Amino acid sequence: MTPEYKCKNKDFPRVKCSTVTPAQCRDPSWRPILAEDCPNVCGFCLEGGCVDTVIECENDPAICRNVDMQDFVKKNCQKTCGYCATSTTAATVTQATGRITYTTLYCANWVKNGFCGNTFYTLEQRKSNCAKSCNLC
């Protein structure tokens with residue numbers, strides 16, 4: 001069994017995991033629920049509950065940089081474009097100010113998708129989100 005299928009399902013899932021079909025694993029309306037509740041059934045164990053609801057997102061990562069598609073990608077291409085919920089971000093406390101800043105765990109994905117060189121984002125946005133990954137330190 002591959003690592004994608006080696007994890008525990010949720011103790012009290014919203015669906016009966018043993019009855020989930022491969023078609024449901026591909027269905028946009030089911031993918032987020034199954035990634036969270038029944039990850040070992042669909043091979044979502046390494047996804048941390050974050051999946052693209054539209055499976056074609058990973059085939060065209062350039063969509064992440066398309067200004068006109070931002071509402072769509074934030075809703076449907078969360079994994080590919082690095083827009084996962086706060087469960088996939090780590091909070092760190094800055095010692096001097098005690099202020100909480102959020103460092104995304106998806107900078108590698110963002111870099112791959114062109115975040116660092118995309119003029120849609122300001123230099124300040126690139127520095128505050130992925131300074132190290134974009135070599136802006």
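Values in this text are rule-based calculations from the coordinates and carry no lab data. Model, not experiment: these values are computed from the prediction. Backbone-built Cβ (ideal geometry, glycine too); neighbour counts: all protein chains shown.
If you place +1 on the Cβ of every Lys and Arg, -1 on the Cβ of every Asp and Glu, and leave all else neutral, what size is the dipole of the stretch 1-51 about its Cα centre, to the nearest 20 Debye?
It works out to roughly 100 debye.
Mind scanning Lys8/Lys127; Lys74/Lys132; Lys8/Lys132; Lys10/Lys132 and naming the pairs with a C-alpha gap bigger than 32 Å?
The answer is Lys8/Lys127; Lys8/Lys132; Lys10/Lys132.
How high is the relative contact order of the stretch 1-51, given as a whole-number percent (alpha carbon pairs under 8 Å, six or more residues apart)?
The value is 47 percent.
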